[in-house]
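Data block below; observations after.
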Amino acid sequence: MPNGIPDPTGGTLVFKTTLTAGTPLQVGTTPYGTRRITPTSGGTVSGGTLSGSISSGAIDFDLFLPSGAIEHESRYTIKPSSSTVIYMRNCGVADGSDVRFVAEFEAPTS
């Protein structure tokens, strides 16, 4: 955006996700930083205009950079109360208290 990323505290909560995390897999130090992968066994989506469940098999990827920042990527399958299935990919970075994420959604055109 021309003036940078808007302050998220000025936004409107669309929904909240709650996940049941499995045991993190420590990949270890790589050429890019320290990698951790965390599987999840499901969860819920609630609030706003979207509610439903998150299928088991969701996964989080974290890369701890030497600078102290953390790159994060998540991939979920959301099953709303309707029969539609929504794919969600969430990517972003956390650097101290500055946390920025962008969510992408893919759903059937029908």
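Under 12 Å from the mean Cα position of the chain (by Cα), exposed (fewer than 15 other Cβ atoms within 10 Å of the Cβ) and not acidic (Asp, Glu): is that true of Val102 in this structure?
In short, yes.
Out of all the residues in segment 16-45, which are hydroxyl-bearing (Ser, Thr, Tyr) and either closer than 28 Å to Pro66 by Cα or surrounded by 12 or more Cβ atoms within 10 Å (Cβ to Cβ) (or both)?
Thr17, Thr20, Thr23, Thr29, Thr30, Tyr32, Thr34, Thr38, Thr40, Ser41, Thr44
Would you mind finding the one in Ser56, Ser97, Ser83, Ser51 that is at pLDDT below 90, farther than 26 Å from Asp7 by Cβ and either of a type in the set (A, V, I, L, M) or open to solvent by 70 Å² or more (accessible area, probe 1.4 Å) (or both)?
Only one candidate qualifies: Ser83.
Name every residue in segment 59-69 that is open to solvent by 50 Å² or more (accessible area, probe 1.4 Å) and under 18 Å from Thr38 (Cα atoms), in order of residue number.
Scanning segment 59-69 gives Phe61, Phe64.
The values are calculated or read from the model by the stated rules, or taken from the named source; none is laboratory data. The structure displayed is predicted, hence computed values, not measured ones. Reconstructed Cβ throughout: ideal geometry from the backbone, glycine too, with neighbour counts over all protein chains shown. Heads up: the accessible areas ignore ligands, DNA and RNA and are worked out on the full protein's heavy atoms, side chains in. Shrake-Rupley method; radii C 1.70, N 1.55, O 1.52, S 1.80 Å.
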